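Following: one structure in structure tokens, then a few remarks.
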Amino acid sequence: MQGLPSGTSGKLEEIPFTSGALLPIFTSKDAESGTYPITITGTQGATQRSSTVQLTIGGQETPFPSAPATIPGLIQAENFDNGGNYVGYFNLDTTDQGNAPSYRAPATVGVEETGDTGGGFDVGFTKEGEWLRYTVNVTQAGIYDLQARVASSGPGGYYHVSFDGQNATGNLFVPQTNAFQTYTTMVSPSFQLQPGQHVMQVTLDGNGPTGGMGNFNWFSVVPPTPSAAFGGTPAPIPGLVQAENFDTGGKGVGYWNGATTNAGGANYRPGETVSIETSTDTGGGFDVGSTNPGDWLNYSVNIASAGTYTLHVRVASDVGGGVFHLAVDGQRVTPAISVPQTNGWQTWQTLDVPNVQLPQAAHTLQLIMDTGGFFNTVGNFNWFSID
């Protein structure tokens, strides 16, 4: 093997029970960034063959433009960390596909001028498997949510945001805004952060029907705006909570989804975009349907005492449903819960989830949609009870 640059080491290793080999290469901080041709030569009898591959070493990861971004605060999508491909970002393109390549030259991320309010740049031409990293400084421990300014001409893709490798937001789904420069602000489920310096990574998990993820203008990591109990009084726990009685405060406060109107047809919560429909389940009333990954609903509750409870959730799905969970004050309190196929959107089944640990007193309970089933829908929800 020839061509390994200074500051790197590696050797070919045979893969057991196969005729193949691996070439693990290790780098130190002394390795200089760049692309190096590595030639590997093999001999069998009188026959000799060689192959040349390209080894790319990125630079040291440092914040752009100079200091870590402050949280709580706003982070421009185009201000990803320095270090190049595989370090501050990972991108599948070989050149910047945007119209503003000079802003982050020689990065291959698609940076373009944005038509959003405030001007500046955005990151577009995004693809499944790509990621962007941002060095941040969290000034205070607490509950946060991520607000992302996104745009997509059709239904976008899936992404998530992690801190130091820990998934904080769960799956998020870029909604259709009808144009790549028509933006909306989506709000993630709540999560908790500890103070200090961290690395925030935006990972693009899966392309949407448009073949891409969507455009990203900025991210804001801030404490959530408090929501208020529907009807004025927090729901008592133990007790039953109707799904349609999510907190007041509006979109981004009492709930978030990617819809622009209530597709359910019931005018129970005028002005809200949650899909509320008339339920034919025992007891009548309403249910919440058309749920998608990244959607969430807040419920102000008053828990009588700390302890172990059992959760019961009334669900329906004509096809194989998705996965959801519950969190309290930004911390997960249930495992992932799958919605079964009940063979009808109004054919209901009660799911029982034991061993739910809850704290005492007033808290915000959040019903979070994780992944979609067929039609990208998690399922219909009539009520949940905790006893």
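We did not get these values from a lab; they are worked out from the coordinates using the rules stated. Computed from a prediction, not measured in an experiment: that's the story for all the values here. Counting neighbours? That spans all protein chains shown, and the Cβs are built from the backbone with ideal geometry, glycine included.
Worth a mention:
- A protection proxy built from the mean count of other Cβ atoms within 10 Å ranks the segments 10-18, 134-142, 107-115, most packed first, as 107-115, 134-142, 10-18.
- Here the simple spin-label model places points 7 Å from the Cα toward Cβ, and for residue 194 and residue 319 these points are separated by 4.2 nm.
- Amide H contacts of residue 263 (H built 1.01 Å from N, under 5 Å, at least 5 apart or other chain): 275, 276
- Across segment 272-289, coupling constants 3J(HN,Hα) worked out from phi with the 6.51/-1.76/1.60 Karplus curve, θ = phi - 60°, read 8, 9, 5, 7, 10, 9, 5, 9, 9, 5, 3, x, x, x, 10, 9, 10, x Hz, and Gly and Pro carry x.
- Here 370, 247 are placed in order of increasing Cβ neighbour count within 10 Å, fewest first, which gives 370, 247.
- Relative contact order (percent, whole number), the chain, Cα cutoff 8 Å, 6+ residue spacing: 13
- Euclidean distance between Cα centres, segment 230-273 to segment 45-80, Å: 43
- For the pair segment 108-174 and segment 1-39, the centres of their Cα atoms are 33 angstrom apart.
- Beta bridges by DSSP in segment 69-222, antiparallel share as percent, to the nearest 5: 90
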